[in-house]
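This report refers to the structure that appears directly beneath it.
The values are calculated or read from the model by the stated rules, or taken from the named source; none is laboratory data. The structure displayed is predicted, hence computed values, not measured ones. Cβ sites come from the backbone with ideal geometry, for glycine too, and all protein chains shown count toward neighbours.
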Amino acid sequence: MRRRGRTTVEGVGLLGVLPGSEDPGIQLLVIDDRAHDELADLLPEARGGMIRILGTATRCAQLVADQLAWSSDRVTAMVCSDLHTVPSLALPSDLALRPVQRLDGDEDGGVALADAIAAAMSASSAIEDPPAVFAKYLRSLPATFRLFAAVDRLGAVRATSGSGVFGPYATVIFVNTEPDWRGRGVGQAMTAQALRAASRAGARQASLDASSAGRSIYLRLGFRKAGTVTRFMSS
């Protein structure tokens, strides 16, 4: 949860980062209701960002719902305890894996971030931010995050995925597949590629938030359900 130049908060049942001058978004993970009073003190600072609340912290979830007019959704928290068990899955022969150039210093030959975002937004109605805002968010992620794209023979992006590494832990983001390419194992292969990249970078375990559509993919890759999460979001 730490980000350069941001104030970190690590309280009882709560951790994350507070708004900063360059990134005004708050990022909090609420583990249980012992965080209620500290969370109440922090909410006046929240002008945007994401607050993730585990399913057992019902009082905290109600507090945020009452005080912030943010959009929310409910997802399944999933964990993989050993990334070495994630299989190596190939994409269909008419797709090729490419890195996404998220940062200025990324290797040449990758897919432009704007193209990857356009494909992801075409594939998922859950991405509500304008492309420029979403791009700013992706660029703000730590350097340990890597994004990937599956491109067809004409170079068009048809699927995306990504992973971030925090020491021995990893998370998965940006998993999207265009509707016409679903049902061919593309999403599962792209997720596996992101997880194996995280493993090569030193991660041993992974966690993620799974939508109902993606849950079966992650179960097949060795993840297990760890509970529910309510996510409150605002740009």
TODO: Please enumerate the residues belonging to the range 133-156 that are assigned to a strand (DSSP E or B) and of a type outside the set (Phe, Trp, Tyr).
DONE: Arg146, Leu147, Ala149, Ala150, Val151
Task: Residue satisfying all of: in the range 174-211; touching a residue at least 12 places away in the same chain (Cβ under 8 Å) and part of a loop (DSSP other than H, G, I, E, B); nearest to Val75 (Cα to Cα) among these - done: Ser211
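Residue-wise test of (1) out of contact with any strand residue (DSSP E or B) (no Cβ under 9 Å at 6 or more places or on another chain); (2) in the same structural domain as Ala143 (by TED's automatic domain parsing); (3) surrounded by 22 or more Cβ atoms within 10 Å (Cβ to Cβ).
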residue	(1), (2), (3)
Ala156	yes, yes, no
Pro168	no, yes, no
Gln205	no, yes, no
Gly222	no, yes, no
Arg231	no, no, no
Task: The listed residue being surrounded by fewer than 18 Cβ atoms within 10 Å (Cβ to Cβ), of a type in the set (D, E, K, R) and under 17 Å from the mean Cα position of the chain (by Cα), out of Arg59, Arg74 - done: Arg74
Open item on the list: I'm checking my understanding of the structure. Among residues of the range 116-131 that are surrounded by fewer than 18 Cβ atoms within 10 Å (Cβ to Cβ) and farther than 21 Å from Phe232 by Cα, which one is modelled with the lowest pLDDT?
Closed with: Ser122
Task: Search result, residues across the range 78-132 that are without any contact (Cβ under 8 Å) to a residue 60 or more places away in the chain, farther than 16 Å from Val175 by Cβ, polar (S, T, N, Q) and part of a loop (DSSP other than H, G, I, E, B) - done: Ser93
